[in-house]
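Notes follow the structure.
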Amino acid sequence: MAFSRRQVNILCADCSSMRVQIMGAGALGSLVGALMQLSGFDVIFVARGKQLSALKNRLRVSGLIEAELDVHAVAKPENADITFVTVKAYDTEEAAKKLAEVDPGIVCSLQNGVGNEEILQKYCDKVLGGVTSYAANLADYGHVVYAGEGLTYVGELDGRMSDEAFKVAEALRRAGIKAEAVSDIQFRIWAKAVVNAAINPITALCKVRNGMVVENDNLWKVARSVAEEGRKVMLKMGYDFDAVSEIKRVAEMTAKNRSSMLQDVEKGKRTEIDFINGAIVEKGREMGIDCPVNETLLHLIKGIERG
Ligand code: KPL
């Protein structure tokens, strides 16, 4: 499906008055931004380096849809009605400081890992948590592959069902993104972190696609131990989460994906391990629960990062 900008304005005339900002237009951010612009929203893509230079030329989307867009790509954030934060977790603090210099509107994290929202809250007023299972990969700078549709949940960290959460979910839905405002976003953030804690480091260390985590008995044994530790930590936090079943479901559903951590390791980039397995180990320590398998994976990945 290829859209021209003219067609897009006809699709959703009343979205054009809403300014949506993507803080960190990498793979996921570019996809979300593209879908929103294609639905008529006024979108600002904040990026850096080669990705910024490429976006200034154009953004190409392939995979589930085909589109080429002229986008408003900038190095620094601007005022907006809604800002989606999609930077890597280790860049959240820097992104938050930049957002504090403008009026970013409602700030909604769509990042991996635990703790992003708390960092954003130090610098921004209206912060929502978010998780998404939409799959996107960067084929090249300025070229995002829309690899899989998923579900997106947004919500207040204290569980209130606020107008802001409904507004953000509605904006996403107008862009054709399956989204819901929920009262249990903290649970969902932790649940996603536990799933990522099993799939991401195992795939990154063994250089396999997600499906192999359940197909290979040895890898599944490790994944189950990670799941069991994560389940215990979450239980102590008051969340009853069937981590083993969920990890199996996600690994099977995304069997052909290359996890974000595998992609980071292959590119020699820093990973989000501190905000995933690291966060589980830390929370476990606070509550007197040992997480030796998570800790081992944490050190192995950090060993690769430093090697
Ligand atoms: O979130 C993911 C990631 O790669 O970071 C999963 C769900 C594992 C999909 O690849």
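Search region 108-119 for residues that are in contact (Cβ under 8 Å) with a residue 40 or more places away in the chain and in a loop (DSSP other than H, G, I, E, B) and pair each with any residue that is of a type in the set (D, E, K, R) and within 13 Å of the ligand (Cβ to nearest atom) when their beta-carbon atoms are under 7 Å apart and the residues are at least 6 apart or on different chains.
Listed by first residue and then by second, the contacts come to Asn112/Glu272; Gly113/Glu272.
Do you know which residues across region 196-240 are buried (at least 20 other Cβ atoms within 10 Å of the Cβ), hydrophobic (A, V, I, L, M, F, W, C) and either within 14 Å of Pro292 (Cα to Cα) or touching a strand residue (DSSP E or B) at 6+ places or on another chain (Cβ under 7 Å) (or both)?
Across region 196-240, the qualifying residues are Ala197, Ala198, Ala223, Val226, Ala227, Val233.
Looking at (1) in contact (Cβ under 8 Å) with a residue 60 or more places away in the chain; (2) more than 16 Å from the ligand (Cβ to nearest atom); (3) buried (at least 20 other Cβ atoms within 10 Å of the Cβ); (4) not small (Gly, Ala, Ser), which is the only condition Asp140 fails?
With respect to (1) in contact (Cβ under 8 Å) with a residue 60 or more places away in the chain; (2) more than 16 Å from the ligand (Cβ to nearest atom); (3) buried (at least 20 other Cβ atoms within 10 Å of the Cβ); (4) not small (Gly, Ala, Ser), Asp140 is out only on (3).
Hey, any hits in region 148-161 for a residue that's surrounded by fewer than 19 Cβ atoms within 10 Å (Cβ to Cβ), near the ligand (Cβ under 10 Å from one of its atoms) and touching a residue at least 12 places away in the same chain (Cβ under 8 Å)?
yes
For Asn277, are the conditions met, namely being within 26 Å of Thr92 (Cα to Cα), out of contact with any Lys or Arg (no Cβ under 9 Å at 6 or more places or on another chain) and either within 15 Å of the ligand (Cβ to nearest atom) or of a type in the set (Lys, Arg) (or both)? Break it down stepwise before answering.
On the way: within 26 Å of Thr92 (Cα to Cα): yes; out of contact with any Lys or Arg (no Cβ under 9 Å at 6 or more places or on another chain): yes; either within 15 Å of the ligand (Cβ to nearest atom) or of a type in the set (Lys, Arg) (or both): yes.
When the stated conditions are applied, Asn277 passes them.
Name, by its number, the condition in (1) aromatic (Phe, Trp, Tyr); (2) within 14 Å of the ligand (Cβ to nearest atom); (3) free of Cβ contacts under 8 Å to residues at least 40 places away in the same chain that does not hold for Trp220.
With respect to (1) aromatic (Phe, Trp, Tyr); (2) within 14 Å of the ligand (Cβ to nearest atom); (3) free of Cβ contacts under 8 Å to residues at least 40 places away in the same chain, Trp220 is out only on (2).
Residue under question is Gly130, and the condition is that it be in contact with a Ser or Thr (Cβ under 8 Å, 6 or more places away or on another chain), within 28 Å of Ala67 (Cβ to Cβ), modelled with pLDDT under 95 and within 16 Å of the ligand (Cβ to nearest atom); does it hold? I'd like the intermediate steps shown before the answer.
On the way: in contact with a Ser or Thr (Cβ under 8 Å, 6 or more places away or on another chain): yes; within 28 Å of Ala67 (Cβ to Cβ): yes; modelled with pLDDT under 95: no; within 16 Å of the ligand (Cβ to nearest atom): yes.
For Gly130, the condition - in contact with a Ser or Thr (Cβ under 8 Å, 6 or more places away or on another chain), within 28 Å of Ala67 (Cβ to Cβ), modelled with pLDDT under 95 and within 16 Å of the ligand (Cβ to nearest atom) - is not met.
Within the bounds of region 101-110, is there any residue that is on the phi < 0 side of the Ramachandran plot, within 16 Å of the ligand (Cβ to nearest atom), in the same structural domain as Phe45 (by TED's automatic domain parsing) and buried (at least 23 other Cβ atoms within 10 Å of the Cβ)? Break it down into steps so the answer makes sense when it comes.
Step one: of region 101-110, the residues on the phi < 0 side of the Ramachandran plot are 101-104, 106-110.
The next check asks that each one be within 16 Å of the ligand (Cβ to nearest atom); those that pass are 109-110.
Those left that are additionally in the same structural domain as Phe45 (by TED's automatic domain parsing): 109-110.
Keeping just the survivors that are buried (at least 23 other Cβ atoms within 10 Å of the Cβ) gives 109-110.
Yes, the conditions are met somewhere in region 101-110.
If I filter region 252-272 for residues that are in contact (Cβ under 8 Å) with a residue 24 or more places away in the chain, in a loop (DSSP other than H, G, I, E, B) and among the aliphatic types (A, V, I, L, M), do I get at least one hit?
There is at least one residue in region 252-272 that is in contact (Cβ under 8 Å) with a residue 24 or more places away in the chain, in a loop (DSSP other than H, G, I, E, B) and among the aliphatic types (A, V, I, L, M).
The values are calculated or read from the model by the stated rules, or taken from the named source; none is laboratory data. As the structure is a prediction and not an experimental result, all values here were calculated from the model. Positions of Cβ are generated from backbone atoms using ideal geometry, with glycine treated the same way; all protein chains shown enter the neighbour counts.
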